[in-house]
Amino acid sequence: MLGEPDRLRQRIDALDRLEVHFPQDQVAGSRDEAALQQRARAIKVRLDALNRELYQGIRSEIQRGAGRDRVLAWSRASGLDEGVTGPEDGDRYDHLDELAGGILRLDPPDDMAIEVAPEMVSYQPTPARVIFDLIERLGLTARDVLVDLGSGLGHVPLLAAICTSASCTGIELEAAYVECARRSARALNLARATFVQQDARAADLTSGTVFYLYTPFTGTVLRAVLDSLRREAATREIRVCAFGPCVQAVAMESWLEAVGPRQTHRATIFRSCR
Ligand SMILES: C[S@@+](CC[C@H](N)C(=O)[O-])C[C@H]1O[C@@H](n2cnc3c(N)ncnc32)[C@H](O)[C@@H]1O
């Protein structure tokens with residue numbers, strides 16, 4: 001039953017349990033134990049192969065310009081609320097992150113421990129569950145331009161480009177992260193996912209309709225970027241989406257109003273008001 005294509009969550013749970021009970025470097029104490037270990041490793045190999053096959057199938061569809069419905073169906077099948085009970089679950093990772101990782105095949109730079117300047121927040125991706133939920137709620141169209149300010153390895157623009165017809169851009173300070181995101185976009189033929197290596201304070205935001213922040217910076221940097229967004233909002237209506245601790249600061253902006261309730265396990269969507 002674990003071999004069914006739609007049993008991804010169960011397969012990943014089973015793989016996690018196999019890893020805990022039969023770690024790679026475990027030495028067997030008896031012949032029975034050795035046999036059990038061998039059987040566990042064979043199951044692991046089979047489950048890994050099934051997952052790889054699933055991810056490759058979805059990648060091929062995306063490369064052909066399809067795949068959107070399949071990826072969204074996967075995220076819907078998981079249900080955001082399942083297992084998400086409170087604030088402590090906000091940045092928990094789950095099988096959807098495995099799925100996103102398998103589809104995007106991001107090949108991060110060796111040294112992810114890039115020095116973090118004051119007011120800059122170190123890299124952490126938005127959980128895929130939160131990204132899919134946001135994509136569903138935003139209802140992006142071909143007229144939208146989604147801009148992730150501090151896009152890291154590019155999960156948000158890449159998944160949004162796969163699942164919607166919007167143009168999706170990531171602005172990211174670290175050149176190695178940008179290169180990684182670009183490689184993934186190229187490999188998946190995602191021309192609508194583009195990445196700019198730049199300080200978000202200097203970025204041209206004039207084409208953006210929806211902006212996303214997963215607490216990329218704090219203090220004066222956040223202030224400067226919020227001021228840039230306010231200037232954009234004076235020219236047209238924009239939406240600003242925030243996740244993590246920065247939601248509090250974004251919510252203080254008098255030119256923004258939250259769309260719906262603020263929930264710590266979901267991104268909050270704000271709309272500019274005149
Ligand atoms: C918490 S991570 C979020 C990554 C991505 N937005 C996501 O949700 O998966 C914050 C990112 O912001 C980047 N960053 C920090 N300060 C920045 C700045 N001034 N301009 C552009 N990017 C910045 C960091 O390098 C890091 O990759």
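The values are calculated or read from the model by the stated rules, or taken from the named source; none is laboratory data. Computed from a prediction, not measured in an experiment: that's the story for all the values here. Backbone-built Cβ (ideal geometry, glycine too); neighbour counts: all protein chains shown. Only protein heavy atoms, including side chains, enter the accessible area calculation; ligands, DNA and RNA are left aside. Shrake-Rupley method; radii C 1.70, N 1.55, O 1.52, S 1.80 Å.
Being more than 14 Å from Ser184 (Cβ to Cβ) and more than 10 Å from the ligand (Cβ to nearest atom) is the filter here, so list the residues in the stretch 147-161 that pass it. Selection gives Val147 alone. Residue pairs whose Cβ atoms lie under 6 Å apart, separated by 6 or more positions or on different chains, with the first residue in the stretch 195-211 and over 16 Å from Ala233 (Cα atoms) and the second more than 11 Å from the ligand (Cβ to nearest atom), are Phe195/Arg182. For the stretch 13-35, a residue qualifies if it is among the β-branched types (Val, Ile, Thr) and more than 26 Å from Leu50 (Cα to Cα), and exactly one does: Val27. Per the conditions (1) more than 22 Å from Glu174 (Cα to Cα); (2) without any contact (Cβ under 8 Å) to a residue 24 or more places away in the chain, the sole criterion not satisfied by Trp255 is (2). Sort out which residues of the stretch 136-166 are part of a helix (DSSP H, G or I), in contact with a strand residue (DSSP E or B) (Cβ under 9 Å, 6 or more places away or on another chain) and surrounded by fewer than 23 Cβ atoms within 10 Å (Cβ to Cβ), and write them in order of number. Result: Arg137, Leu138. Within the stretch 185-204, the set of residues being within 23 Å of Pro245 (Cα to Cα) and buried (at least 19 other Cβ atoms within 10 Å of the Cβ) comprises Ala200 only. Can you say whether Ala117 is open to solvent by 10 Å² or more (accessible area, probe 1.4 Å) and either out of contact with any Asp or Glu (no Cβ under 6 Å at 6 or more places or on another chain) or under 25 Å from Thr218 (Cα atoms) (or both), as far as the supplied structure shows? Against the criterion (open to solvent by 10 Å² or more (accessible area, probe 1.4 Å) and either out of contact with any Asp or Glu (no Cβ under 6 Å at 6 or more places or on another chain) or under 25 Å from Thr218 (Cα atoms) (or both)), Ala117 qualifies. For the stretch 1-37, the tally of residues that are over 22 Å from the mean Cα position of the chain (by Cα), assigned to a helix (DSSP H, G or I) and β-branched (Val, Ile, Thr) stands at 1.
So, of the residues in the stretch 1-31 that are open to solvent by 90 Å² or more (accessible area, probe 1.4 Å) and at pLDDT below 85, which turns out to be nearest to Asp94 (Cα to Cα)? Per the criteria, the residue is Asp6. Does at least one position in the stretch 173-184 carry a residue that is assigned to a strand (DSSP E or B), near the ligand (Cβ under 9 Å from one of its atoms) and modelled with pLDDT of 95 or more? Within the stretch 173-184, not a single residue is assigned to a strand (DSSP E or B), near the ligand (Cβ under 9 Å from one of its atoms) and modelled with pLDDT of 95 or more.
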